[in-house]
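Worksheet: the structure to be examined is printed underneath.
The values are calculated or read from the model by the stated rules, or taken from the named source; none is laboratory data. Not measured: the values here are computed from a predicted model. Cβ placement follows ideal geometry from the backbone for every residue including glycine, while neighbour counts extend to all protein chains displayed. Areas reflect the complete protein model, heavy atoms only, side chains present, ligands, DNA and RNA absent. Shrake-Rupley method; radii C 1.70, N 1.55, O 1.52, S 1.80 Å.
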Amino acid sequence: MLRSAKVVLVLAGRYAGKKAVILKTDDEGGKERSYGHCVVAGVAKAPLPITKAMCKPTPKMKKLVQRRSRIKTFVKITNYTHVMPTRYSVEASMVKTLKGHLTPDTFTDPQAKTKFLAAARKVFQEKYKEREGQRWLFEKLRF
């Protein structure tokens, strides 16, 4: 059986209403944060819809499809009260690769954060191009 990770909705802050995957959890909190929190990586801007007419094999259309398939990502430490679990999940392999790029100085060093976001964007775009399983994660949330 495939192990999977939970997809959550961020409820508060800049990325409210965005979908994210839980990478790391801390139930007790620590010195800096006395509350339960988790590290989430998610889709800040979902890819735009692609129609059948856009899939023509011309170079102009390939460039258009490539541009519309871009995904903007985010990573943040979030309080448990600011996330809502969903019934959806993602493959454990995807989460494992994202965790591999997460370093202890991701949130303190801007260059490390930029590097992680680039790696996360690459992972999310690969999963989006597969077009299997995690479709809901890459659709714009309608509410």
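Divide the volume of the convex hull around the Cα atoms of the stretch 38-118 by the residue count and you get 142 Å³ per residue.
For the chain, the solvent-accessible area works out to 68 Å² per residue, with a probe of 1.4 Å and every protein chain left in place.
For the chain, the Kirkwood estimate of the hydrodynamic radius, built from every pair of different alpha carbons, is 16.2 Å. A straight chain from residue 67 to residue 130 at 0.36 nm per residue would run longer than the Cα-Cα distance by 21.0 nm.
Would you mind putting 65-75, 15-25 in packing order, based on average other-beta-carbon counts within 10 Å, highest first?
Put in order of decreasing packing, that is 15-25, 65-75.
On the accessible surface of the chain, probed at 1.4 Å, how many percent belong to carbon and sulfur atoms? Answer for the chain: carbon and sulfur cover 54 percent of the accessible area.
The orientation-averaged projection of the convex hull spanning the C-alpha atoms of the stretch 50-96 amounts to 5.8 square nanometres.
Compared with the dominant Cα axis of the chain, that is its longest principal axis, helix 59-68 is turned about 20°. Between helix 110-130 and the chain there is an angle of about 50 degrees, using the helix long axis and the longest principal axis of the Cα atoms.
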